[in-house]
Amino acid sequence: MPLLEVRELTVRFGGVVALDRVSFDVNSGEVVALIGPNGAGKTTLFNVIARVYRPGAGAVMLDGEPVLKLAPHQVVRRGLARTFQNLALFRSMTCLENVLVGDHINIRSSFLGASAPVPNALKAEAEARNRAVEVLDFVGLAPHAHHPVAALPFGVQKRVELARALVSKPRLVLLDEPAGGISHEEVGDMARLVQRIHSDLGVTVLLVEHNMGFVMGISDRVVVLDFGRKIAEGTPAEVRKNPAVIEAYLGAA
Amino acid sequence: MLARVRRAPPRYWLVLVAAVLLIGLPTVVTSFQSSQWNLVLIFTIAIMGLNVLVGYSGQISLGHGAFMALGAYTTAILIARYHVNYLVTIPIAGLVTGAIGFLLGIPALRLSALYLALATFALAVVTPSLIKRPEQLTGGVQGIGLVPQEPPQFAAAAFSTVTGGTQMTSEQWLYYLSLAIAVLLFWVAWNMIRHRPGRAMRAVRDGEVAAAAFGINVAGYKTLAFGMSAFYAGVAGSLYGLATTYVSPDTFPVALSFQLLVGAVLGGLASTVGPLLGGMFVYWLPIVSSQTISDQSWIPEQISSVFVKAGPAVTYGALLILIMIFAPNGVVGLITSGYGALRKRLRGAGERGTGQMPPDPQTG
Ligand SMILES: Nc1ncnc2c1ncn2[C@@H]1O[C@H](COP(=O)(O)OP(=O)(O)OP(=O)(O)O)[C@@H](O)[C@H]1O
Ligand SMILES: [Mg+2]
C-alpha cells in the first residue's frame, strides 16, 4: 500500500480550476518531485493534503487512512509535516523556539504542568530542547539556535523551515520549493540535505521544485502538473523526454 | 553561578529591584498609600492576564472590566451571603471567572479581531445592567458592602517586628496579600509563556496556518488564553472587592475595560515588567488627569477644562495616540531600545556592524 494516495482531487477558486482530477501515489521510502509551470496547482495540492484548502472532490489517504476527515492540526500527528513556499516561520521567535513548536506534538507537558512548572514538564522541555538542537545541527544551524529567526538570511530561514518540519520525526514531508530563492551555491547544499533527510532519517519526501537540476538529481519519480492536470509521471529520464512536458514548459516559457 | 548572575540581562535586575521596593513599601508609607498601591497591584494582576491574551496570543478584549466585576461579585456574594472565608473566595472567583471566560471564548474565537473587540465591548457594556437584575443575590443598584479584613496573627506580628511596634492595618495586610498573589501569578504566567503552551500561543499569533501545521489546536489555544486572562481578571476583581469593601454595578464601568487595555499596551505588550507600569497608569492616571491638569497654569484654561470635564477618557485617548506613534512597544519597549542605543554608544563604534544578533527581547 502506498504511503500517500491522492485520488481525483479537484479544487476550484471561483472560475480557476487549480486542480483537475489529479491522482498519484507516493510510496514509502521514495523521493517524489511535483513539478509544473507557475500556477500549475502544486502549492494548492500541498495545501489540500495539509488540510488548509478543502477540495471540491477527491480523496487523500495517508497510510490507508483518509486525511480529509482530519482537522488541520491533527495531520502532523499522523506523521505528515511540511514546509512553506513563502516561509511561514514564527517571526517573533528564535530558531530553537521555531523548531520546538515543530515538536509541539511530542512534548509531554500540559498547560498546568508547564505553568506550575512540575518536574515532568521541565524534563519534557529539556528533552525537547536536546532534540531541537540535534535537528538544528543536522541542518547545519546549531550556531544560530538562539538567534531571532526574522533577522537571519533567507537561505538560513529556509533551513529553519526544514528543521521545524523534521523535528517531529514525520514519515512524510512535503517540501514546497526547498531551493526556491536561495543562492546558486546553496542549491547544492540543499540537494544534499534533502538526500540526507531521505537516506539518514528515512523520511519519505514529496517536493515541489522549479530547479530542474535539483529535481532530476534527487528524485526517484516525477509527477508533472500543468493547469491543474497531471500531464505526466515517471522517472526523471522518462519525464524529461515526454513531449507533453516539453510542450508545457516551452509553452510557459 | 556568579557568572550567570553577572550575565543576567538588565530586566532581571529590574524585577529584583521592583520586588524589593514593593515588599518594603508599606513599612515606609501610610496605610492609605498602601491601599492605593494595593489597587495598583490589583490592576497589575488584571493586566498580566490581558498581556497573555493580547501580547502573546494576539487577541483583543475590551471587556476585561466585566471579568473583574464577575470576580468581585463572586467574592462579595460568597462572603456576604454564604459566609465563606474571604481567602477561599479568591481562587473561587478566579476559577468561576476563568470558566466563564473560557466558555465565552469558544464563540468569540470564530470572530475576527474587529468583531472580537466589539463582542467583548458589548460584554463590558451589558455587565453593569445584568448585575442589577438578580437583586436577591447582587443587591441590585445598592451593591454589596463587606467588612474590612483584619491581618492574621503571623502577618501582624512580623509587621510590628519590622517596623518597631507599628500595628498592621487592614490596608497594609491586603496590600501584602495582593503582592503575594501578584508574584505567584506572575511566576505562573512567566512559566507558561516560556514553555510549550506559551510557544503555542505565540505561534498562533505569528501565523495560524503554520501553527496548525505543527499540531497546535489554534481555536483551543485561543480559548485557553481567553480563559486564563479571565482567571487573572477574576482574581483581580476579587481582590478589588476586598480592598474597597464594597462592590456595586458602578464599580466596574465600561471605561475600566478600556483603561486596562490601554494600561497593557502602555506598559508594553509581551513584556515582563510592563503590567506593573500598566497597573500604575491605570490607577494613577484618572487621579492625575483630574487633579493635576487643572492645577497647571501653563495649560490653557480651555484645554484643561476639557480634560477635567471629560474625565480620564480624554487623557487615555490622547496617551494612547502618543504611545502608538512614539512607543509602539510600550514604555518597556521604549526603555529597552533606549538602553540598547546607550550601550552601543558606550561600547563605541568598534563593535558596531559585526552582524551580532540582538537577543530575543521576549524570551532570551
Ligand atoms: N487562495 C487562493 N485563492 C484563489 N486562487 C488561488 C488561491 N491559491 C491558488 N490560487 C490559484 O490557483 C492556481 C494554482 O496556484 P498554486 O499556488 O497552487 O500554483 P503553483 O503550482 O504552486 O505555482 P508556483 O510555482 O508559482 O508556486 C493559480 O491560478 C492561483 O492563482
Ligand atoms: Mg507554489
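Key figures
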{"read-out": "Sole residue being at the interface with chain B (Cβ under 10 Å from one of its Cβ atoms), of a type in the set (Ser, Thr, Tyr) and in contact with a Pro (Cβ under 6 Å, 6 or more places away or on another chain), chosen from A:83, A:94", "value": "A:94"}
{"read-out": "Members of region A:25-62 that are away from chain B (no Cβ under 14 Å), among the β-branched types (Val, Ile, Thr) and within 14 Å of ligand 2 (Cβ to nearest atom)", "value": "A:35"}
{"read-out": "Residue A:15 over 20 Å from residue A:176 (Cβ atoms) and either within 10 Å of ligand 1 (Cβ to nearest atom) or out of contact with any strand residue (DSSP E or B) (no Cβ under 7 Å at 6 or more places or on another chain) (or both)", "value": "yes"}
{"read-out": "Boolean, residue B:266 is within 17 Å of residue B:55 (Cα to Cα) and part of a helix (DSSP H, G or I)", "value": "yes"}
{"read-out": "Some residue of region A:8-24 being part of a strand (DSSP E or B) and within 11 Å of ligand 2 (Cβ to nearest atom)", "value": "yes"}
{"read-out": "Contacts under 9 angstrom Cβ, first residue in region A:32-45 being among the β-branched types (Val, Ile, Thr), partner near ligand 2 (Cβ under 8 Å from one of its atoms), 6 or more apart", "value": "A:35/A:42; A:35/A:208; A:43/A:85; A:43/A:176; A:43/A:177; A:43/A:208"}
{"read-out": "Residue A:215 within 16 Å of ligand 1 (Cβ to nearest atom), in a helix (DSSP H, G or I) and aliphatic (A, V, I, L, M)", "value": "yes"}
{"read-out": "Out of B:212, B:225, sole residue that is facing chain A (nearest Cβ under 9 Å) and either of a type in the set (Phe, Trp, Tyr) or at negative phi (or both)", "value": "B:212"}
{"read-out": "Selection within region A:155-176 - surrounded by fewer than 20 Cβ atoms within 10 Å (Cβ to Cβ) and touching a Ser or Thr at 6+ places or on another chain (Cβ under 9 Å)", "value": "A:155, A:171"}
{"read-out": "Of all residues in region A:177-189 being surrounded by fewer than 24 Cβ atoms within 10 Å (Cβ to Cβ) and in contact (Cβ under 8 Å) with a residue 60 or more places away in the chain, the one that is nearest to the chain's Cα centre (by Cα)", "value": "A:177"}
{"read-out": "Test: residue in region B:195-204 that is within 30 Å of residue B:110 (Cβ to Cβ), without any contact (Cβ under 8 Å) to a residue 40 or more places away in the chain, within 11 Å of another protein chain (Cβ to nearest Cβ) and of a type in the set (Lys, Arg)", "value": "yes"}
{"read-out": "Test set (1) more than 21 Å from the chain's Cα centre (by Cα); (2) more than 9 Å from chain B (Cβ to nearest Cβ) - residue A:116 fails condition number", "value": "(2)"}
{"read-out": "Listing of helices (runs of 4 or more DSSP H) fully contained in region B:58-132 that carry 3 or more residues being closer than 16 Å to residue B:223 by Cβ", "value": "B:86-108, B:113-132"}
{"read-out": "Selection count, region A:196-219, where residues are of a type outside the set (Val, Ile, Thr) and within 14 Å of the chain's Cα centre (by Cα)", "value": "4"}
{"read-out": "Residue count for region A:193-205, restricted to those that are of a type outside the set (A, V, I, L, M) and closer than 15 Å to residue A:33 by Cα", "value": "3"}
{"read-out": "Among the candidates A:60, A:26, A:22, residue that is surrounded by 20 or more Cβ atoms within 10 Å (Cβ to Cβ), more than 15 Å from ligand 1 (Cβ to nearest atom) and either without any contact (Cβ under 8 Å) to a residue 24 or more places away in the chain or under 24 Å from residue A:246 (Cα atoms) (or both)", "value": "A:26"}
{"read-out": "Criterion: at the interface with chain B (Cβ under 9 Å from one of its Cβ atoms), touching a helix residue (DSSP H, G or I) at 6+ places or on another chain (Cβ under 9 Å) and under 27 Å from residue A:42 (Cβ atoms) - qualifying residue of A:139, A:101, A:173", "value": "A:101"}
{"read-out": "When residues of region A:180-211 are limited to those that are touching a strand residue (DSSP E or B) at 6+ places or on another chain (Cβ under 9 Å) and within 16 Å of ligand 2 (Cβ to nearest atom), the one farthest from residue A:106 (Cα to Cα)", "value": "A:210"}
{"read-out": "Selected residue (criterion: surrounded by the fewest Cβ atoms within 10 Å (Cβ to Cβ)) from residues of region A:38-52 that are near ligand 1 (Cβ under 7 Å from one of its atoms) and not in a helix (DSSP H, G or I)", "value": "A:38"}
{"read-out": "Cross-chain or 6+ apart pairs with Cβ under 7 Å, region A:223-251 first and aromatic (Phe, Trp, Tyr), then surrounded by 20 or more Cβ atoms within 10 Å (Cβ to Cβ)", "value": "A:227/A:40"}
{"read-out": "Residue B:66, sole failed condition from (1) surrounded by fewer than 24 Cβ atoms within 10 Å (Cβ to Cβ); (2) of a type in the set (A, V, I, L, M); (3) closer than 22 Å to residue B:139 by Cα", "value": "(1)"}
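Let's see how each residue does on (1) touching a residue at least 40 places away in the same chain (Cβ under 8 Å); (2) out of contact with any Pro (no Cβ under 9 Å at 6 or more places or on another chain); (3) part of a helix (DSSP H, G or I):
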site: B:160; (1), (2), (3): no, yes, yes
site: B:165; (1), (2), (3): no, yes, no
site: B:178; (1), (2), (3): yes, yes, yes
site: B:186; (1), (2), (3): yes, no, yes
site: B:215; (1), (2), (3): no, yes, no
site: B:242; (1), (2), (3): yes, no, yes
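Bear in mind that the values in this text are calculations on the coordinates, not laboratory data. What you see is a predicted model, and the numbers here were worked out from it, not measured in a lab. Here the Cβ is made from the backbone with ideal geometry for all residues, glycine too, and neighbour counts use every protein chain on show.
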